[in-house]
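Read through the structure below, which is laid out as C-alpha coordinates, and then see the notes.
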Amino acid sequence: MNQEFKKYQAQTSPHPLGLEISHAKGSYIYDIENNAHLDFVAGVSATPLGHNHPKVIEAIKTQLNKYMHVMVYGEYVQKPAVELAKLLAENLPEPLEQTYLTNSGTEAIEGALKLAKRATGRSEIISAKNAYHGNTMGSMSVMGYEERKQAFRPLLPNVKFITFNNFEDLTNITTKTAAVILETIQGGAGFIFPQKNYLEAVRKRCNEVDALLILDEIQPGFGRTGKLFGFQHYNCIPDILVTGKALGGGMPIGAFTASKALMVLLQENPKLGHITTFGGHPVIAASALATLKEITETNLIYKTLEKEKLFRKLLVHPLIQEIRGKGLMLALIMENADITNQLILRCKDQCLILFWLLFEPKAVRITPPLTITVQEIEQGCQLILSVLNQIKS
(Lines give C-alpha, C1' and ligand atoms only; values in the text may rest on other atoms or scores of the structure.)
Protein backbone atom coordinates (compact mmCIF):
# COMPACT_ATOMS: atom_id res chain seq x y z
CA MET A 1 0.00 0.00 0.00
CA ASN A 2 2.88 2.39 0.74
CA GLN A 3 4.25 1.92 -2.78
CA GLU A 4 0.81 2.55 -4.30
CA PHE A 5 0.40 5.60 -2.05
CA LYS A 6 3.55 7.10 -3.57
CA LYS A 7 2.69 5.96 -7.11
CA TYR A 8 -0.92 7.07 -7.39
CA GLN A 9 -1.51 9.77 -4.76
CA ALA A 10 0.06 13.18 -5.31
CA GLN A 11 2.55 14.03 -2.57
CA THR A 12 3.23 17.27 -0.72
CA SER A 13 6.86 16.55 0.17
CA PRO A 14 9.65 14.21 -0.97
CA HIS A 15 9.56 12.26 2.29
CA PRO A 16 6.04 11.74 3.71
CA LEU A 17 5.85 9.98 7.08
CA GLY A 18 4.06 7.08 5.42
CA LEU A 19 2.28 5.62 8.45
CA GLU A 20 -0.25 3.13 7.08
CA ILE A 21 -3.48 3.52 9.04
CA SER A 22 -5.79 0.74 10.15
CA HIS A 23 -8.13 2.59 12.51
CA ALA A 24 -8.16 5.29 15.18
CA LYS A 25 -9.91 5.77 18.51
CA GLY A 26 -9.58 8.32 21.29
CA SER A 27 -6.00 9.58 21.52
CA TYR A 28 -4.55 6.74 19.44
CA ILE A 29 -4.00 5.97 15.77
CA TYR A 30 -3.41 2.31 14.92
CA ASP A 31 -1.25 1.08 12.06
CA ILE A 32 -1.85 -2.08 10.02
CA GLU A 33 0.21 -4.08 12.52
CA ASN A 34 -2.11 -2.85 15.29
CA ASN A 35 0.56 -0.70 16.95
CA ALA A 36 -1.07 2.11 18.95
CA HIS A 37 0.43 5.53 18.17
CA LEU A 38 -0.29 8.15 20.82
CA ASP A 39 -1.46 11.26 18.97
CA PHE A 40 0.02 14.53 20.22
CA VAL A 41 -1.00 16.37 17.02
CA ALA A 42 -4.74 15.71 16.52
CA GLY A 43 -4.61 15.95 12.74
CA VAL A 44 -2.92 19.37 13.10
CA SER A 45 -5.55 20.58 15.60
CA ALA A 46 -8.46 19.19 13.58
CA THR A 47 -9.76 16.45 15.91
CA PRO A 48 -10.45 18.21 19.21
CA LEU A 49 -12.48 15.31 20.62
CA GLY A 50 -9.98 12.68 19.56
CA HIS A 51 -10.68 10.00 17.01
CA ASN A 52 -14.14 8.45 16.49
CA HIS A 53 -15.78 10.24 19.39
CA PRO A 54 -19.08 8.40 19.97
CA LYS A 55 -21.28 11.52 19.92
CA VAL A 56 -19.72 12.72 16.68
CA ILE A 57 -20.03 9.30 15.04
CA GLU A 58 -23.66 9.01 16.15
CA ALA A 59 -24.48 12.44 14.71
CA ILE A 60 -22.88 11.49 11.40
CA LYS A 61 -24.72 8.17 11.19
CA THR A 62 -28.04 9.74 12.09
CA GLN A 63 -27.68 12.36 9.37
CA LEU A 64 -26.46 9.79 6.83
CA ASN A 65 -29.72 7.93 7.27
CA LYS A 66 -31.72 11.09 6.51
CA TYR A 67 -29.97 12.74 3.55
CA MET A 68 -26.59 13.85 2.27
CA HIS A 69 -26.07 16.52 -0.39
CA VAL A 70 -29.35 17.85 -1.78
CA MET A 71 -28.62 21.34 -3.18
CA VAL A 72 -25.85 23.91 -3.53
CA TYR A 73 -25.16 26.10 -0.53
CA GLY A 74 -27.73 28.62 0.59
CA GLU A 75 -30.83 27.44 -1.29
CA TYR A 76 -32.46 24.79 0.93
CA VAL A 77 -33.09 24.90 4.66
CA GLN A 78 -31.02 22.08 6.13
CA LYS A 79 -31.35 21.62 9.89
CA PRO A 80 -27.73 20.66 10.75
CA ALA A 81 -26.29 23.75 9.06
CA VAL A 82 -28.91 26.09 10.55
CA GLU A 83 -28.40 24.74 14.06
CA LEU A 84 -24.63 24.94 13.70
CA ALA A 85 -24.74 28.59 12.58
CA LYS A 86 -27.17 29.39 15.41
CA LEU A 87 -24.96 27.75 18.05
CA LEU A 88 -21.93 29.65 16.75
CA ALA A 89 -23.85 32.93 17.03
CA GLU A 90 -24.93 32.09 20.58
CA ASN A 91 -21.29 31.60 21.57
CA LEU A 92 -19.89 34.69 19.85
CA PRO A 93 -20.02 38.37 20.87
CA GLU A 94 -21.92 40.95 18.87
CA PRO A 95 -21.90 41.72 16.01
CA LEU A 96 -20.73 38.24 14.91
CA GLU A 97 -24.14 36.81 14.11
CA GLN A 98 -24.19 35.19 10.65
CA THR A 99 -21.96 32.38 9.41
CA TYR A 100 -21.11 31.24 5.92
CA LEU A 101 -20.07 27.57 5.94
CA THR A 102 -17.36 26.42 3.54
CA ASN A 103 -15.38 23.28 2.78
CA SER A 104 -12.08 24.35 4.34
CA GLY A 105 -10.31 27.09 6.22
CA THR A 106 -8.57 28.42 3.14
CA GLU A 107 -11.91 28.76 1.32
CA ALA A 108 -13.24 30.66 4.31
CA ILE A 109 -10.25 33.02 4.06
CA GLU A 110 -11.10 33.60 0.39
CA GLY A 111 -14.67 34.46 1.34
CA ALA A 112 -13.54 36.82 4.09
CA LEU A 113 -11.17 38.69 1.77
CA LYS A 114 -13.91 39.04 -0.86
CA LEU A 115 -16.37 40.29 1.74
CA ALA A 116 -13.90 42.92 2.98
CA LYS A 117 -13.33 44.25 -0.54
CA ARG A 118 -17.04 44.25 -1.29
CA ALA A 119 -17.88 46.08 1.96
CA THR A 120 -15.21 48.79 1.74
CA GLY A 121 -14.79 49.27 -2.00
CA ARG A 122 -11.05 49.15 -1.37
CA SER A 123 -8.46 46.70 -2.65
CA GLU A 124 -5.53 46.90 -0.24
CA ILE A 125 -5.10 44.00 2.18
CA ILE A 126 -2.60 44.07 5.03
CA SER A 127 -1.27 40.86 6.49
CA ALA A 128 1.60 39.91 8.79
CA LYS A 129 5.05 38.62 8.02
CA ASN A 130 5.33 34.87 8.64
CA ALA A 131 1.54 34.57 8.49
CA TYR A 132 -0.16 31.46 7.15
CA HIS A 133 -3.81 31.56 6.09
CA GLY A 134 -4.06 28.67 3.64
CA ASN A 135 -2.76 27.69 0.24
CA THR A 136 -5.22 28.78 -2.43
CA MET A 137 -4.21 31.78 -4.54
CA GLY A 138 -5.92 34.44 -2.42
CA SER A 139 -4.86 32.86 0.87
CA MET A 140 -1.33 32.43 -0.43
CA SER A 141 -1.28 36.10 -1.38
CA VAL A 142 -1.64 37.03 2.30
CA MET A 143 0.92 34.42 3.39
CA GLY A 144 3.90 36.26 4.80
CA TYR A 145 6.57 33.81 3.68
CA GLU A 146 8.04 34.46 0.25
CA GLU A 147 9.85 31.12 -0.08
CA ARG A 148 6.49 29.31 -0.26
CA LYS A 149 4.99 31.85 -2.69
CA GLN A 150 7.61 32.74 -5.29
CA ALA A 151 6.99 29.74 -7.58
CA PHE A 152 3.31 30.67 -7.95
CA ARG A 153 3.43 34.38 -8.68
CA PRO A 154 1.76 36.58 -9.80
CA LEU A 155 -0.64 36.55 -6.87
CA LEU A 156 -3.18 39.12 -5.67
CA PRO A 157 -1.96 42.72 -6.02
CA ASN A 158 -2.13 45.38 -3.31
CA VAL A 159 -1.11 43.14 -0.43
CA LYS A 160 1.22 44.68 2.16
CA PHE A 161 2.90 43.13 5.18
CA ILE A 162 3.49 44.35 8.71
CA THR A 163 5.38 42.73 11.56
CA PHE A 164 3.22 41.01 14.16
CA ASN A 165 3.46 42.78 17.57
CA ASN A 166 5.15 45.83 15.99
CA PHE A 167 3.13 48.90 16.94
CA GLU A 168 5.01 51.30 14.65
CA ASP A 169 3.85 49.30 11.62
CA LEU A 170 0.22 50.12 12.38
CA THR A 171 0.63 53.44 10.56
CA ASN A 172 0.66 51.36 7.36
CA ILE A 173 -3.05 50.78 7.92
CA THR A 174 -4.68 53.69 6.08
CA THR A 175 -7.86 54.82 4.35
CA LYS A 176 -6.72 52.72 1.37
CA THR A 177 -6.90 49.53 3.43
CA ALA A 178 -9.87 47.23 2.93
CA ALA A 179 -8.88 44.84 5.71
CA VAL A 180 -6.16 43.75 8.04
CA ILE A 181 -5.97 39.97 8.29
CA LEU A 182 -4.13 38.42 11.22
CA GLU A 183 -3.91 35.07 12.92
CA THR A 184 -4.98 35.68 16.50
CA ILE A 185 -1.98 33.51 17.36
CA GLN A 186 0.61 33.07 14.64
CA GLY A 187 0.74 29.33 14.02
CA GLY A 188 3.29 28.53 11.33
CA ALA A 189 5.64 31.19 12.70
CA GLY A 190 6.07 29.29 15.95
CA PHE A 191 2.97 30.01 18.08
CA ILE A 192 3.58 33.73 18.47
CA PHE A 193 1.06 35.38 20.81
CA PRO A 194 -0.04 39.04 20.78
CA GLN A 195 1.90 41.15 23.26
CA LYS A 196 1.11 44.37 25.16
CA ASN A 197 -2.47 44.80 23.88
CA TYR A 198 -1.34 44.50 20.27
CA LEU A 199 -4.65 43.24 18.91
CA GLU A 200 -6.49 46.00 20.77
CA ALA A 201 -4.24 48.54 19.05
CA VAL A 202 -4.88 46.96 15.65
CA ARG A 203 -8.63 47.09 16.32
CA LYS A 204 -8.39 50.77 17.25
CA ARG A 205 -6.40 51.62 14.12
CA CYS A 206 -8.86 49.78 11.86
CA ASN A 207 -11.71 51.74 13.42
CA GLU A 208 -9.87 55.03 12.79
CA VAL A 209 -9.53 54.39 9.05
CA ASP A 210 -12.75 52.34 8.54
CA ALA A 211 -10.86 49.21 7.60
CA LEU A 212 -12.17 45.78 8.55
CA LEU A 213 -10.33 43.42 10.87
CA ILE A 214 -10.27 39.74 9.92
CA LEU A 215 -9.05 37.33 12.59
CA ASP A 216 -8.00 33.85 11.55
CA GLU A 217 -8.91 31.35 14.30
CA ILE A 218 -8.49 28.25 12.15
CA GLN A 219 -5.84 26.85 14.50
CA PRO A 220 -6.56 28.31 17.96
CA GLY A 221 -10.35 28.16 17.74
CA PHE A 222 -12.71 25.88 19.66
CA GLY A 223 -11.20 25.57 23.08
CA ARG A 224 -7.57 24.90 22.33
CA THR A 225 -6.21 27.94 24.21
CA GLY A 226 -8.44 27.76 27.27
CA LYS A 227 -11.26 29.84 25.79
CA LEU A 228 -13.62 28.94 22.98
CA PHE A 229 -11.80 31.39 20.68
CA GLY A 230 -8.32 32.80 21.02
CA PHE A 231 -9.44 36.41 20.55
CA GLN A 232 -11.45 36.13 23.78
CA HIS A 233 -8.15 36.42 25.69
CA TYR A 234 -7.78 39.94 24.30
CA ASN A 235 -9.91 43.06 24.16
CA CYS A 236 -10.51 42.70 20.45
CA ILE A 237 -13.56 41.59 18.47
CA PRO A 238 -13.02 41.16 14.72
CA ASP A 239 -15.36 42.29 11.98
CA ILE A 240 -14.92 38.90 10.30
CA LEU A 241 -13.97 35.73 12.14
CA VAL A 242 -12.54 32.80 10.18
CA THR A 243 -12.67 29.27 11.60
CA GLY A 244 -12.08 25.71 10.43
CA LYS A 245 -10.07 22.64 11.48
CA ALA A 246 -11.46 21.69 14.92
CA LEU A 247 -15.00 22.81 14.09
CA GLY A 248 -15.56 19.74 11.93
CA GLY A 249 -14.59 17.25 14.61
CA GLY A 250 -12.47 15.41 12.05
CA MET A 251 -14.57 16.29 9.00
CA PRO A 252 -13.57 18.98 6.44
CA ILE A 253 -15.06 22.39 7.15
CA GLY A 254 -14.40 26.10 7.24
CA ALA A 255 -16.51 29.13 8.14
CA PHE A 256 -16.45 32.90 8.18
CA THR A 257 -18.71 34.85 10.52
CA ALA A 258 -19.64 38.53 10.51
CA SER A 259 -22.57 40.87 11.13
CA LYS A 260 -25.72 40.45 9.08
CA ALA A 261 -25.11 43.94 7.66
CA LEU A 262 -21.84 42.69 6.16
CA MET A 263 -23.01 39.25 5.10
CA VAL A 264 -25.99 40.61 3.18
CA LEU A 265 -23.52 42.22 0.76
CA LEU A 266 -22.79 38.80 -0.73
CA GLN A 267 -26.42 38.49 -1.87
CA GLU A 268 -26.54 41.30 -4.43
CA ASN A 269 -24.36 43.49 -6.68
CA PRO A 270 -23.49 40.88 -7.72
CA LYS A 271 -25.83 38.09 -6.74
CA LEU A 272 -24.08 34.88 -5.72
CA GLY A 273 -21.17 36.91 -4.36
CA HIS A 274 -19.66 33.79 -2.83
CA ILE A 275 -20.92 30.34 -3.79
CA THR A 276 -19.96 26.75 -3.10
CA THR A 277 -21.52 23.41 -3.90
CA PHE A 278 -20.67 21.41 -0.79
CA GLY A 279 -20.27 24.11 1.87
CA GLY A 280 -22.61 23.41 4.79
CA HIS A 281 -22.83 19.74 3.79
CA PRO A 282 -25.43 18.21 6.14
CA VAL A 283 -23.29 15.29 7.29
CA ILE A 284 -20.31 17.53 8.01
CA ALA A 285 -22.53 20.13 9.68
CA ALA A 286 -23.97 17.40 11.89
CA SER A 287 -20.46 16.37 12.90
CA ALA A 288 -19.54 20.00 13.61
CA LEU A 289 -22.71 20.61 15.62
CA ALA A 290 -22.04 17.57 17.82
CA THR A 291 -18.42 18.67 18.27
CA LEU A 292 -19.30 22.24 19.21
CA LYS A 293 -21.95 21.06 21.67
CA GLU A 294 -19.50 18.72 23.38
CA ILE A 295 -16.86 21.44 23.66
CA THR A 296 -19.25 24.08 25.01
CA GLU A 297 -21.31 21.83 27.30
CA THR A 298 -18.43 20.11 29.12
CA ASN A 299 -15.36 21.21 31.07
CA LEU A 300 -12.94 20.43 28.23
CA ILE A 301 -12.01 24.09 27.68
CA TYR A 302 -11.23 24.63 31.35
CA LYS A 303 -9.24 21.40 31.48
CA THR A 304 -6.93 22.53 28.67
CA LEU A 305 -5.26 24.99 31.03
CA GLU A 306 -4.69 22.29 33.65
CA LYS A 307 -3.22 20.02 31.00
CA GLU A 308 -0.95 22.84 29.81
CA LYS A 309 0.46 23.10 33.34
CA LEU A 310 1.16 19.37 33.32
CA PHE A 311 3.01 19.55 29.99
CA ARG A 312 5.10 22.46 31.26
CA LYS A 313 5.86 20.67 34.53
CA LEU A 314 6.95 17.45 32.82
CA LEU A 315 8.79 18.74 29.75
CA VAL A 316 11.89 20.15 31.37
CA HIS A 317 15.10 19.25 29.56
CA PRO A 318 18.37 21.01 28.60
CA LEU A 319 17.56 20.63 24.89
CA ILE A 320 14.18 22.38 25.24
CA GLN A 321 14.87 26.13 25.13
CA GLU A 322 11.27 27.18 25.78
CA ILE A 323 7.67 26.05 25.53
CA ARG A 324 5.52 28.52 23.62
CA GLY A 325 1.77 28.60 23.56
CA LYS A 326 -1.28 28.34 25.74
CA GLY A 327 -3.64 25.54 26.66
CA LEU A 328 -3.12 22.65 24.27
CA MET A 329 -1.59 24.79 21.53
CA LEU A 330 2.04 24.28 22.50
CA ALA A 331 5.38 24.27 20.72
CA LEU A 332 8.68 22.99 22.07
CA ILE A 333 11.49 25.22 20.83
CA MET A 334 14.66 23.18 20.51
CA GLU A 335 18.29 24.32 20.19
CA ASN A 336 18.32 23.72 16.45
CA ALA A 337 16.36 22.15 13.59
CA ASP A 338 18.40 18.95 13.66
CA ILE A 339 17.26 18.19 17.21
CA THR A 340 13.67 18.96 16.20
CA ASN A 341 13.87 16.52 13.29
CA GLN A 342 15.50 13.81 15.39
CA LEU A 343 12.91 14.16 18.15
CA ILE A 344 9.92 13.96 15.80
CA LEU A 345 11.28 11.04 13.77
CA ARG A 346 12.56 9.03 16.73
CA CYS A 347 9.28 9.49 18.59
CA LYS A 348 7.47 8.32 15.45
CA ASP A 349 9.48 5.09 15.57
CA GLN A 350 8.41 4.68 19.20
CA CYS A 351 4.73 5.29 18.46
CA LEU A 352 4.36 8.90 19.59
CA ILE A 353 3.08 11.34 16.97
CA LEU A 354 4.67 14.79 16.98
CA PHE A 355 4.92 17.20 14.05
CA TRP A 356 6.62 20.30 12.68
CA LEU A 357 5.46 23.91 12.27
CA LEU A 358 5.55 25.51 8.83
CA PHE A 359 8.06 28.33 9.20
CA GLU A 360 9.92 27.73 12.50
CA PRO A 361 12.36 24.85 11.98
CA LYS A 362 13.24 24.61 15.67
CA ALA A 363 9.63 24.04 16.78
CA VAL A 364 7.94 20.76 17.70
CA ARG A 365 4.13 20.86 17.57
CA ILE A 366 2.16 19.55 20.54
CA THR A 367 -1.55 19.98 19.84
CA PRO A 368 -3.24 16.82 21.15
CA PRO A 369 -6.99 16.25 21.35
CA LEU A 370 -8.65 18.24 24.10
CA THR A 371 -9.83 14.90 25.44
CA ILE A 372 -6.32 13.59 26.08
CA THR A 373 -5.97 12.14 29.58
CA VAL A 374 -3.43 12.92 32.29
CA GLN A 375 -2.06 9.39 31.98
CA GLU A 376 -1.60 9.81 28.21
CA ILE A 377 0.17 13.13 28.70
CA GLU A 378 2.51 11.57 31.24
CA GLN A 379 3.18 8.62 28.95
CA GLY A 380 4.00 10.83 25.96
CA CYS A 381 6.15 13.28 27.91
CA GLN A 382 8.16 10.45 29.43
CA LEU A 383 8.89 9.19 25.93
CA ILE A 384 9.91 12.66 24.73
CA LEU A 385 12.36 13.02 27.61
CA SER A 386 13.76 9.56 26.97
CA VAL A 387 14.38 10.39 23.30
CA LEU A 388 15.94 13.76 24.19
CA ASN A 389 18.30 12.00 26.58
CA GLN A 390 19.39 9.71 23.74
CA ILE A 391 19.95 12.71 21.47
CA LYS A 392 21.94 14.56 24.13
CA SER A 393 24.19 11.59 24.86
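The values are calculated or read from the model by the stated rules, or taken from the named source; none is laboratory data. For clarity, every value in this text was computed on a predicted model and none was experimentally measured. With ideal geometry, Cβ positions are generated from the backbone for all residues, glycine too; neighbour counts draw on all protein chains shown.
Determine the pairs where a residue that is assigned by TED's automatic domain parsing to the domain that holds G327, located within region 201-220, has a partner that is not small (G, A, S) with Cβ atoms under 8 Å apart, the partner being 6 or more residues away or on another chain.
none
With I301, I339, I384, I391 as the choices, which residue is in a helix (DSSP H, G or I), among the β-branched types (V, I, T) and within 30 Å of G111 (Cβ to Cβ)?
I301
One residue is enough: does region 138-152 have a residue meeting the conditions touching a residue at least 12 places away in the same chain (Cβ under 8 Å), in contact with a helix residue (DSSP H, G or I) (Cβ under 6 Å, 6 or more places away or on another chain) and farther than 26 Å from E268 by Cα?
no
Return a yes/no flag: does region 41-53 have any residue that is at pLDDT 95 or above, over 23 Å from the mean Cα position of the chain (by Cα) and not aliphatic (A, V, I, L, M).
no
Would you call A128 hydrophobic (A, V, I, L, M, F, W, C), within 21 Å of the chain's Cα centre (by Cα) and at pLDDT 95 or above?
So A128 fits the description; yes.
Does A246 satisfy the criteria of being in contact (Cβ under 8 Å) with a residue 40 or more places away in the chain, hydrophobic (A, V, I, L, M, F, W, C), assigned to a helix (DSSP H, G or I) and out of contact with any Lys or Arg (no Cβ under 8 Å at 6 or more places or on another chain)?
The answer is no for A246.
Is at least one residue of region 254-275 in contact with a strand residue (DSSP E or B) (Cβ under 8 Å, 6 or more places away or on another chain), of a type in the set (S, T, N, Q) and part of a loop (DSSP other than H, G, I, E, B)? Step through it out loud before you land on a result.
Here is the first cut: in region 254-275, the ones in contact with a strand residue (DSSP E or B) (Cβ under 8 Å, 6 or more places away or on another chain) are 254-260, 262-263, 266, 274.
Among the residues that remain, those that are also of a type in the set (S, T, N, Q) are: 257, 259.
Now drop any that are not part of a loop (DSSP other than H, G, I, E, B), which leaves 259.
Yes, that holds for at least one residue.
Identify, by number, the condition in (1) within 19 Å of Y28 (Cβ to Cβ); (2) under 23 Å from the mean Cα position of the chain (by Cα) that E360 doesn't meet.
(1)
Go through region 224-239 and give me each residue that's β-branched (V, I, T) and under 21 Å from I372 (Cβ atoms).
T225
So which residues in region 358-378 are surrounded by 15 or more Cβ atoms within 10 Å (Cβ to Cβ) and assigned to a helix (DSSP H, G or I)?
Listed by number, the residues that qualify are E376, I377.
Listed residues A261, A255; which is surrounded by fewer than 19 Cβ atoms within 10 Å (Cβ to Cβ), assigned by TED's automatic domain parsing to the domain that holds T99 and under 25 Å from V82 (Cβ atoms)? Quick ask: steps written out before the conclusion?
Details: A255 fails: surrounded by fewer than 19 Cβ atoms within 10 Å (Cβ to Cβ).
Exactly one of A261, A255 is surrounded by fewer than 19 Cβ atoms within 10 Å (Cβ to Cβ), assigned by TED's automatic domain parsing to the domain that holds T99 and under 25 Å from V82 (Cβ atoms), namely A261.
Of all residues being among the hydroxyl-bearing types (S, T, Y) and under 25 Å from E308 (Cβ atoms) in region 13-40, which is nearest to the chain's Cα centre (by Cα)? Just the residue, please. Give the derivation first.
In the first step, residues of region 13-40 are kept if they are among the hydroxyl-bearing types (S, T, Y); the result is 13, 22, 27-28, 30.
Filter once more, keeping what is under 25 Å from E308 (Cβ atoms): 27-28.
Numbers: S27: 19, Y28: 21 Å.
That would be S27.
Does P238 satisfy the condition of being outside the structural domain of W356 (by TED's automatic domain parsing), surrounded by 18 or more Cβ atoms within 10 Å (Cβ to Cβ), within 17 Å of A108 (Cα to Cα) and in contact with a Leu (Cβ under 6 Å, 6 or more places away or on another chain)?
yes
Got a number for residues in region 48-58 being touching a Lys or Arg at 6+ places or on another chain (Cβ under 9 Å) and under 20 Å from G280 (Cα atoms)?
Number of matching residues: 2.
From the set of residues in region 29-51 that are surrounded by 14 or more Cβ atoms within 10 Å (Cβ to Cβ) and polar (S, T, N, Q), which is nearest to L289 (Cα to Cα)?
Selected residue: T47.
Which numbered condition in (1) in a helix (DSSP H, G or I); (2) among the charged types (D, E, K, R); (3) surrounded by fewer than 19 Cβ atoms within 10 Å (Cβ to Cβ); (4) out of contact with any helix residue (DSSP H, G or I) (no Cβ under 6 Å at 6 or more places or on another chain) is the only one that E322 fails?
All conditions are met except number (1).
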